[in-house]
Amino acid sequence: MNERTSFVPADRVAALPPYLFAGIDRARAEAEARGLDIISLGIGDPDTPTPDFIIEALRGAAGRPDNHRYPSYEGMPAFRRAVADWYAARFGVDDLDPDREILCTIGSKEAIGHFPFAWVNPGDLVLVPSPGYPVYAIAARFAGAEVLPLPLTEENGFLPNLDAIDEAVWDRAKIIWLNSPNNPTGSMASLDFYGRLVSLCRRHHVILAHDSAYSEIYYDDADKPLSVFSVPGARDVAIEFQSLSKTYNMTGWRVGMAVGNAELVRGLGVIKENMDSGTFQAVQEAAMAALRGGDAFCRELRRMYRGRRDTVCAALRRFGLRFYEPRGALYVWARVPDGFTSESFVSRVLNETGVVLTPGTGFGAAGEGWFRISLTVPTARLEEAMSRLARVQAMNGAAGAGGVL
Ligand SMILES: *Cc1c(COP(=O)(O)O)cnc(C)c1O
């Protein structure tokens, strides 16, 4: 009798792209085994702790038995009220209905991943930025959609070129994803860009899904990220995914919100009701404390990241590497030296220096030729990483070719 020794994965799993970081993880383990001190500029996970006032709010709320039961699916009314107030104070969007236009989510990855299941049928078309956060495309494919990457290029300031999207594509598209401030490039959409996108989505009846996870991580106080709802009429077509993860160093806490068009919010809610049971109420209470009292903390956080960004940009300038000076988010997006691919450059740097970078191809084919530096390590370590990069042989050939984009 033949006993089965393995299971055949579902087609959707078998069709996943190969895990790009497998090679890098292996190279990292080898470098570590050779005794190299590893500095990871790979992951985008804030290195400083959640502020005390938020932890204290959790402590208080965690002790109350009424918080120990299943939360409501849509989130506590007081949480949704706090989100509406925060949108009013931060973006001037002051008429959100907490009952119909706001949903509490288990961080934004969960919501971004579930959203297409509410709206997409097999064969529908979903437009995603490339390079981009991988969840947009993978979730759309899990739901059976066809995915069309929208290249983010230097020429277009790393925003999708709306004029290059055919009428036929607009007519077929069900969802278009936008992420501003952008991971991995650091680009940011203007009011004019949001306006054009909203009007195209209205004309062609396309859902505009906006990932705004980095809205509070920006570098110029005179150039703050906007909400898509800063545009009149956006609420007819758009939903915005927000998160406390990067804003308040709360990646492990798993809390965020989906905001916008009532029908789109409700659609996401239907999927979530059938898939999860909401966010621990004590975490929602801590999130309320963050939204209500976090401004001073965020200012300090931005100051810290600005210093780190300047350290990295100054080093890249010295190396003569081209890069985009980020306007928001936690990364610097830079061009590999001539003669390298994203992966060959990243492997070379890791082998020679123990510094881990992310190859641009980890964010889609359009990332080829680029790499990402994450600013989520202490400044002293970033400086150390940059001085090690200066010793990489490949950098010497790059000198003179570069400059700020
Ligand atoms: C980090 C990140 C998220 C959010 O993560 P959550 O912790 O799930 O809220 C969403 N989008 C992008 C582009 C990110 O980089």
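Points worth noting:
- Summed side-chain charge close to residue 270 - residues other than residue 270 whose Cβ falls under 15 Å, Lys, Arg +1, Asp, Glu -1: -2
- Residue-wise HN-Hα coupling along segment 198-206, computed from phi with Karplus coefficients 6.51, -1.76, 1.60 (Hz; x: Gly, Pro): 4, 6, 5, 5, 5, 4, 9, 6, 10
- For residue 148, distant residues with modelled amide H under 5 Å away: 126, 127, 128
- Helix-only [θ]222 nm of the chain, DSSP H runs n ≥ 4, -39500 (n - 2.57) each, per residue, nearest 500: -12500 deg cm²/dmol
- Taking 15 Å as the cut-off, the amide N atoms of segment 249-281 that come nearer than this to a point 7 Å along the Cα-to-beta-carbon line of residue 95 belong to 260-262.
- Extension gain from residue 172 to residue 352, taking 0.36 nm per residue of separation minus the Cα-Cα distance: 60.0 nm
- Most mobile of 182, 351, 156 in a GNM of the chain (Cα contacts under 10 Å): 156
- The slack between residue 236 and residue 292, meaning 0.36 nm per residue of separation minus the straight C-alpha distance, is 17.4 nm.
- Anchor residue 272: aspartates and glutamates whose Cα lies under 12 Å away (excluding residues fewer than 8 positions away in-chain): 74, 110
- Förster-model FRET efficiency, 30 Å R0, residue 66 and residue 270, C-beta, rounded to 0.05: 0.70
- Here the Karplus relation 6.51 cos²θ - 1.76 cosθ + 1.60, evaluated at θ = phi - 60°, turns the backbone of segment 362-369 into coupling constants of x, 10, x, 4, 5, x, 4, x Hz, with x for every Gly and Pro.
- Rounded to whole Hz, the Karplus (6.51, -1.76, 1.60) HN-Hα couplings of segment 180-186, x for glycine and proline: 9, x, 9, 9, x, 8, x
- Span from the segment 185-244 Cα centroid across to the segment 307-376 one, whole angstrom: 26 Å
- Neighbour count of at most 15 Cβ within 10 Å plus DSSP loop: longest chymotrypsin sites (Phe, Trp or Tyr not before Pro)-free window in the chain: 74-405
- Residue 55 paired with residue 262, simple spin-label distance in nm, labels 7 Å along Cα-to-beta-carbon: 4.2 nm
- Full-stretch length increase - residue 387, residue 81 - with 0.36 nm per residue and alpha-carbon distance subtracted: 105.4 nm
- Virtual spin-label span in nm between residue 205 and residue 30, 7 Å along Cα→Cβ: 5.5 nm
- Of all DSSP bridge pairs formed entirely within the chain, close to 50 percent run antiparallel.
- Between the C-alpha center of segment 96-126 and that of segment 47-89 there is a gap of 21 Å.
- Candidate lysines for bridging to residue 224, where Cα separation is under 30 Å - those fewer than 8 sequence places away on the same chain excluded: 109, 174, 246
Readers should treat all values here as calculations from the given coordinates under stated rules, not as data from a laboratory. From a predicted model like this one, the values you see are computed outputs, not experimental measurements. With ideal geometry, Cβ positions are generated from the backbone for all residues, glycine too; neighbour counts draw on all protein chains shown.
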